[in-house]
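The values are calculated or read from the model by the stated rules, or taken from the named source; none is laboratory data. Please read these numbers as outputs of a predicted model, since none were measured by experiment. Please note: Cβ atoms are built from the backbone with ideal geometry, for glycine as well, and neighbour counts cover all protein chains shown. SASA here: full protein model, heavy atoms, side chains in, ligands and nucleic acids out. Shrake-Rupley method; radii C 1.70, N 1.55, O 1.52, S 1.80 Å.
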Amino acid sequence: MPPANRKNPQRAASSESQYSIVEFVRDFPDDETCLQWLWRTRYSEDGVHARCPQCGVERAFKRYETAQQRQSWTCTACGTHLHPTAGTIYHKSSTSLHLWFYAIYLMTSTRCGISAKQLERELGVTYKTAWRMFHLIRTELMTQGDDVLSGEVEMDETWIGGVVRTGRPGRPRIVEDTKTAVFGMVERGGRVVAYPVEDTSRITLDPYIAKHVLPETTIYTDEYTTYVHLGKQGYTHHRIRHKSGVYVDGDVHTNSIENFWSLVKRGIGGVYHAVSAKHLLGYLNEYTWRFNHRQDGQAMFLTLILRSALVPSMH
């Protein structure tokens, strides 16, 4: 297995980078290295022995050269094949593993995101291939789990999208509002969750609050009426009155979640320009995942490729 956790002695002490492009190229220089990493991570720590599903015990496996692009390892006792890419997002993909790993590296090394058009230019693949790779990474590897927030939690709703306008310059006419409601919650100094929602009513938002926020948590919101009842549900509820021009009152504010919304909107507007409601959850997955792993001791790239090897794919 490549020494992916080895520190780079050439990195400046002041650098915020956890895993540079130099280290990536060193650890994963080609498709063969990526395939060997998958084999050792998923099945065989020593690269030779693995548990055979047919024999039910650990056996020696040998790799035979074949015409297949994704080569397998074969049990020397019964002939059972083990495919390192089976059940992962790489399964049956004609794109090389090296390009997949590089795409994951690009997504985790940027703060505001990278577009499929940029990936197309970086990898030399078609736009359709680049978009599909990013889509699978967002929806399979960066999915939001059942994170439970506690302590001090800020929550807020926002709208992402725009409007379709027609008419002559200076006198545009709004044809259709394409904005999508999004609800988010962030634990101060901790994790964030964010989902597109049908509306911002109490009946819609309450299930998300009950799922992700522990009872007796201190909650901070603005004065939106949907949150009025939270104090009666066992939470300590504080409200900041934005409409009165008040944004901070001691510890009472929603600056953390507002900062996250700003990061998402700048990223979508600057990198992707527009995101449809159908795929908005995938992009929220990407931004929440990067935010939640911002202080990981292990580089985000290494965390994500490990997840790609161990978490079964649904596609």
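In the condition set (1) open to solvent by 30 Å² or more (accessible area, probe 1.4 Å); (2) in contact (Cβ under 8 Å) with a residue 40 or more places away in the chain, G269 is compliant with all but (2). Residues that are touching a strand residue (DSSP E or B) at 6+ places or on another chain (Cβ under 8 Å) and at pLDDT below 90: does the stretch 190-197 have at least one? No, the stretch 190-197 has no match at all. For the stretch 217-238, state whether one or more residues are acidic (D, E) and farther than 19 Å from G113 by Cβ. Checking the stretch 217-238: at least one residue is acidic (D, E) and farther than 19 Å from G113 by Cβ.
Applying the condition of being outside any loop (DSSP other than H, G, I, E, B) and more than 10 Å from the chain's Cα centre (by Cα) to the stretch 137-152 and asking which residue is nearest to A210 (Cα to Cα) yields L149.
The number of residues in the stretch 31-63 that are over 27 Å from the mean Cα position of the chain (by Cα) and assigned to a loop (DSSP other than H, G, I, E, B) comes to 11. Restricting R40, R59 to those that are touching a residue at least 24 places away in the same chain (Cβ under 8 Å) and either open to solvent by 30 Å² or more (accessible area, probe 1.4 Å) or out of contact with any Phe, Trp or Tyr (no Cβ under 9 Å at 6 or more places or on another chain) (or both) reduces the list to R40. Considering the stretch 198-217, and only residues there that are open to solvent by 80 Å² or more (accessible area, probe 1.4 Å) and of a type in the set (D, E, K, R), the residue that is nearest to K278 (Cα to Cα) turns out to be E198.
Taking first residues from the stretch 288-302 that are touching a residue at least 12 places away in the same chain (Cβ under 8 Å) and partners that are open to solvent by 40 Å² or more (accessible area, probe 1.4 Å) and in a helix (DSSP H, G or I), the Cβ contacts under 8 Å between residues at least 6 apart in sequence or on separate chains come to F291/L263; M300/S109; F301/S109. A274 meets the conditions (1) in contact with a helix residue (DSSP H, G or I) (Cβ under 8 Å, 6 or more places away or on another chain); (2) surrounded by fewer than 18 Cβ atoms within 10 Å (Cβ to Cβ); (3) assigned to a helix (DSSP H, G or I) in every case but one. The failed one is (3). Taken over the stretch 35-61, the residue count meeting the criterion of being over 15 Å from C78 (Cβ atoms) and of a type outside the set (V, I, T) is 12.
Considered as a group, the residues in the stretch 13-37 that are more than 20 Å from L123 (Cα to Cα) and open to solvent by 70 Å² or more (accessible area, probe 1.4 Å) include one that is modelled with the highest pLDDT, and that residue is Q18. Going through Y247, Y220, Y195 one at a time, which residue ends up being assigned to a loop (DSSP other than H, G, I, E, B) and either within 17 Å of the chain's Cα centre (by Cα) or surrounded by 12 or more Cβ atoms within 10 Å (Cβ to Cβ) (or both)? On inspection, the qualifying residue turns out to be Y247. Scanning the stretch 284-315 for residues that are hydrophobic (A, V, I, L, M, F, W, C), assigned to a helix (DSSP H, G or I) and open to solvent by 50 Å² or more (accessible area, probe 1.4 Å) yields L306, L310. Screening Y102 with (1) open to solvent by less than 20 Å² (accessible area, probe 1.4 Å); (2) in contact (Cβ under 8 Å) with a residue 12 or more places away in the chain; (3) in contact with a helix residue (DSSP H, G or I) (Cβ under 9 Å, 6 or more places away or on another chain); (4) not aliphatic (A, V, I, L, M) gives one miss only, at (1). The residues of the stretch 36-47 include none that are touching a strand residue (DSSP E or B) at 6+ places or on another chain (Cβ under 6 Å) and among the hydrophobic types (A, V, I, L, M, F, W, C). Determine which single condition L281 fails, assuming it passes every other condition in (1) open to solvent by less than 30 Å² (accessible area, probe 1.4 Å); (2) in contact with a Pro (Cβ under 8 Å, 6 or more places away or on another chain); (3) not polar (S, T, N, Q). Just one mismatch for L281, condition (1).
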